[in-house]
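S.K.: Next up is a structure, given as structure tokens.
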Amino acid sequence: MIDKSERTDGTFSRPDFEWDEKSDQYICPEGHALKQFRRNYSDPNRTRDTGGSKKYRALKATCQACPSKEIRCPKADAPYVTREPHEEAREFARECRRTKTCKVSRDKRKKVEMLFAHLKRILGLTRLRLRGPNGAKDEFLLAAIAQNLRKLAKLRPRCAMQEAAA
Ligand code: SF4
């Protein structure tokens, strides 16, 4: 998932705005509410949930008097936060991304992907020649052996040089 909600320019990021489920609003770091609707519409269709993303806006007048406006919320007169459908799941994914386990898993996946890319692009294994699951298993086993031998061969001169230096 590509997460662009974190700001690096010193302005407030999405996690700085606290979600208040009960009141259906966000609370900004200065303690002011960002709401989707501020009026009581007589027509219920105006506030109907269409299932799409929702925009929660701050009040322009409040923001103009805010001491953080110039530096932390400089872009819009009334900053807003969008809330997508299934935002809880998205938030859970964002939290998972910040954990050490996720970073370790990502690095491991990258390593595996690199090996497959190497098999395909350097060793020319673009398609399997043997048929059936057993054929595929044998072919991958042989390819992995070739890959490991190639790695060992690359390590060899380094070991020899280290022995000579010792
Ligand atoms: S500028 Fe508005 S949204 Fe931003 S912190 Fe101040 S009051 Fe909150």
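The values are calculated or read from the model by the stated rules, or taken from the named source; none is laboratory data. Here the structure is a predicted model, which means the values were calculated and not measured. Every residue, glycine as well, gets a Cβ built from its backbone with ideal geometry; the counts of neighbours run over all protein chains shown. To get the accessible areas, we keep the full protein, side chains included, count just its heavy atoms, and leave off ligands, DNA and RNA. Shrake-Rupley method; radii C 1.70, N 1.55, O 1.52, S 1.80 Å.
S.K.: Condition first: more than 9 Å from the ligand (Cβ to nearest atom) and either touching a strand residue (DSSP E or B) at 6+ places or on another chain (Cβ under 8 Å) or farther than 21 Å from GLU6 by Cα (or both). Can you find one or more residues in the range 63-70 that meet it?
M.R.: No - not one qualifying residue is present in the range 63-70.
S.K.: Moving to a separate point now. What number goes with the only condition from (1) in a helix (DSSP H, G or I); (2) open to solvent by 100 Å² or more (accessible area, probe 1.4 Å) that CYS102 does not pass?
M.R.: Going through (1) in a helix (DSSP H, G or I); (2) open to solvent by 100 Å² or more (accessible area, probe 1.4 Å) one by one, CYS102 breaks only (2).
S.K.: Looking at the range 78-95, can you tell me whether even one residue there is touching a Pro at 6+ places or on another chain (Cβ under 6 Å), within 16 Å of the ligand (Cβ to nearest atom) and open to solvent by less than 70 Å² (accessible area, probe 1.4 Å)?
M.R.: Initially, the range 78-95 is screened for residues touching a Pro at 6+ places or on another chain (Cβ under 6 Å), giving none.
Within the range 78-95, none of the residues are touching a Pro at 6+ places or on another chain (Cβ under 6 Å), within 16 Å of the ligand (Cβ to nearest atom) and open to solvent by less than 70 Å² (accessible area, probe 1.4 Å).
S.K.: Taking the conditions exactly as written (more than 16 Å from the ligand (Cβ to nearest atom), in a helix (DSSP H, G or I) and touching a helix residue (DSSP H, G or I) at 6+ places or on another chain (Cβ under 9 Å)), does ARG129 satisfy them or not? Walk me through how you get there before you give the answer.
M.R.: On the way: more than 16 Å from the ligand (Cβ to nearest atom): yes; in a helix (DSSP H, G or I): no; touching a helix residue (DSSP H, G or I) at 6+ places or on another chain (Cβ under 9 Å): yes.
Spelling it out, it is not the case that ARG129 is more than 16 Å from the ligand (Cβ to nearest atom), in a helix (DSSP H, G or I) and touching a helix residue (DSSP H, G or I) at 6+ places or on another chain (Cβ under 9 Å).
S.K.: Here is a further query. Which of the strands (runs of 3 or more DSSP E) found entirely inside the range 1-76 contain at least 1 residues meeting this: exposed (fewer than 10 other Cβ atoms within 10 Å of the Cβ) and not aromatic (Phe, Trp, Tyr)? First the steps, then the outcome.
M.R.: On the way: elements: 18-20, 25-27, 33-35, 54-57.
So the answer is none; nothing clears 1.
S.K.: Open to solvent by less than 90 Å² (accessible area, probe 1.4 Å), outside any helix (DSSP H, G or I), at negative phi and more than 16 Å from the ligand (Cβ to nearest atom), is that true of LEU119?
M.R.: no
S.K.: Now, a different point. Tally the residues that are within 16 Å of the ligand (Cβ to nearest atom), aliphatic (A, V, I, L, M) and within 21 Å of HIS86 (Cβ to Cβ), restricting the search to the range 1-46.
M.R.: Qualifying residue count for the region: 1.
S.K.: Then there's this: Conditions: (1) at positive phi; (2) at pLDDT 95 or above. ASN134 meets all but one. Number of the miss?
M.R.: For ASN134, the failing item is (1).
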